[in-house]
Amino acid sequence: FRSYGVDRCVFNSSELNDIEFIRSEFYNKLELFRFSSSLGKFVGYTEYGVQQANYRNSQASILQSMKAQKDTYCLNNVGVDYRAA
């Protein structure tokens, strides 16, 4: 059994408006829930994932932290990747 999270940035340009930050949480290769900066909230894909998403969406500090990841994680790295491509 494996539990793991994946952070990724989806982008078409280096502009902040064109970047989406996604954090997905998995268990046994099944995606339980994810945060999408485009939606600004967590979304659950299983019964357990829906419970976790609802809890995280009710915590303002967690949502603010995840929204900030778009700037801190994506913006810097996408600029480097975009120039290299």
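The values are calculated or read from the model by the stated rules, or taken from the named source; none is laboratory data. Not measured: the values here are computed from a predicted model. Every residue, glycine as well, gets a Cβ built from its backbone with ideal geometry; the counts of neighbours run over all protein chains shown. Surface areas here come from the heavy atoms of the whole protein model, side chains and all, with no ligands, DNA or RNA. Shrake-Rupley method; radii C 1.70, N 1.55, O 1.52, S 1.80 Å.
At a 1.4 Å probe, what is the % contribution of carbon and sulfur to the accessible area of the chain?
Percent of accessible area from carbon and sulfur atoms in the chain: 48.
Could you estimate the translational diffusion coefficient of the stretch 3-84 from the Stokes-Einstein equation, with Rh from the Kirkwood formula over C-alpha pairs, at 20 °C and 1.002 mPa s, in whole µm²/s?
Calculated translational D: 163 µm²/s.
In debye to the nearest 20, how big a dipole does the chain give about its Cα centre with +1 on each Lys and Arg Cβ and -1 on each Asp and Glu Cβ?
For the chain, the charge dipole is close to 180 debye.
Where in the chain lies the longest segment free of chymotrypsin sites (Phe, Trp or Tyr not before Pro) that are both loop residues by DSSP (not H, G, I, E, B) and have at most 16 other Cβ atoms within 10 Å?
Here the longest segment lacking exposed loop sites spans 2-44.
Per residue, how many Å² of accessible area does the chain show with a 1.4 Å probe?
Spelled out: the 1.4 Å probe surface of the chain, per residue, equals 67 Å².
I need the phi-derived Karplus couplings for the stretch 45-62: 6.51 cos²θ - 1.76 cosθ + 1.60, θ = phi - 60°, integer Hz, Gly and Pro marked x.
Those phi angles translate into 10, 10, 4, 5, x, 5, 4, 5, 5, 4, 4, 5, 5, 7, 9, 4, 5, 5 Hz.
Which residues among the stretch 3-33 fall inside the zone where the amide N is under 15 Å from a point 7 Å beyond the Cα of residue 59, along Cα→Cβ?
25, 33
How about the stretch 22-56: which trypsin sites (Lys or Arg not before Pro) there are in a DSSP loop, with at most 10 other Cβ atoms within 10 Å of their Cβ?
Sites meeting the loop and neighbour criteria: 29.
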